[in-house]
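No lab work stands behind these numbers, since they all come straight from the coordinates. Note that this is a predicted model, so its numbers are computed, not measured. Cβ placement follows ideal geometry from the backbone for every residue including glycine, while neighbour counts extend to all protein chains displayed.
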Amino acid sequence: MLISAIVAISKNNVIGRDGHLPWHLSADLKRFKAITTGHSIILGRKNYDDIGRPLPNRTNYVLTRNANFEAPGCTVCNSLAQAVESAQSAGESECFIIGGAAVYREAMPLVKKMYVTRVESDVDGDVFFPEWGEGWRKVSEESFPADEKNDFPTVFEVWERD
Ligand SMILES: NC(=O)c1ccc[n+]([C@@H]2O[C@H](COP(=O)([O-])OP(=O)(O)OC[C@H]3O[C@@H](n4cnc5c(N)ncnc54)[C@H](OP(=O)(O)O)[C@@H]3O)[C@@H](O)[C@H]2O)c1
């Protein structure tokens, strides 16, 4: 099973502010949906609280250390390893780490593919993307302008490593 991460990152490495995404990027949300639909997604409890519901047509694994946490329509896991093993045993081909920062940080050593939306601006925020680790090569990039539905210009990049 391939373990991938998907994230939008500002020039100053911000990914979140006050528990939310610090931008509106309609094209990015559409791309996120197209890439992750039909697969498993692994997310932290704070990211789940922000989204507020299971994302449809995906197996949602929500990580929390709270043994009593309930997330209707999701599989609640108490460790990253438990979520990864569940996805693997269900026959998943590609599982997506979808954040936030706490989950990206722990999962990065396992991640072999990154779908990165570069938000082409410095942005105020309080949550940052962690270190990537070694061995990454960019395999594609595509630029998109800002418009009425997209706060900033973006570059969509795909990165891989062995
Ligand atoms: N730009 C992007 O692409 C992007 C993507 C996703 C999220 N975000 C942003 O990132 C921010 C949230 O990130 P965050 O780092 O604050 O929170 P987070 O990673 O979403 O959630 C952290 C919580 O997840 C649980 N958790 C994490 N690792 C765990 C593990 N190994 N085992 C069990 N539970 C674990 C814990 O929940 P409990 O406290 O319940 O134990 C922890 O408090 C928001 O602002 C969000 O909008 C941005």
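Remarks
- Filter pass, Lys112 being among the basic types (Lys, Arg), away from the ligand (no atom under 14 Å from the Cβ), within 27 Å of Ala83 (Cα to Cα) and touching a Ser or Thr at 6+ places or on another chain (Cβ under 8 Å): yes
- Single condition Glu92 does not satisfy, out of (1) in contact with a His (Cβ under 7 Å, 6 or more places away or on another chain); (2) crowded, with 20+ Cβ neighbours inside 10 Å; (3) not small (Gly, Ala, Ser): (2)
- Pairs where the first residue, in the stretch 4-25, is farther than 11 Å from Val119 by Cα and the second is among the hydroxyl-bearing types (Ser, Thr, Tyr) and more than 8 Å from the ligand (Cβ to nearest atom), C-beta under 6 Å, 6+ apart: Ile6/Tyr115
- Enumeration of residues in the stretch 1-34 that are of a type in the set (Asp, Glu) and over 14 Å from the mean Cα position of the chain (by Cα): Asp18
- In the stretch 83-97, the residues that are touching a residue at least 40 places away in the same chain (Cβ under 8 Å) form Cβ pairs under 7 Å with partners that are of a type in the set (Val, Ile, Thr) and in a loop (DSSP other than H, G, I, E, B), at six or more places apart or across chains, as follows: Ile97/Val111.
- Restricted to the stretch 72-92, and to residues there that are near the ligand (Cβ under 10 Å from one of its atoms) and in contact with a strand residue (DSSP E or B) (Cβ under 7 Å, 6 or more places away or on another chain), the residue that is farthest from Arg105 (Cα to Cα) is Val76.
- Glu157 meets the conditions (1) over 15 Å from the mean Cα position of the chain (by Cα); (2) under 29 Å from Thr59 (Cβ atoms); (3) surrounded by fewer than 18 Cβ atoms within 10 Å (Cβ to Cβ) in every case but one. The failed one is (1).
- Of the residues making up the stretch 40-57, just one is within 20 Å of Met1 (Cβ to Cβ) and surrounded by fewer than 18 Cβ atoms within 10 Å (Cβ to Cβ), namely Asn57.
- Qualifying residue in the stretch 114-121 (condition: crowded, with 17+ Cβ neighbours inside 10 Å, under 19 Å from the mean Cα position of the chain (by Cα) and charged (D, E, K, R)): yes
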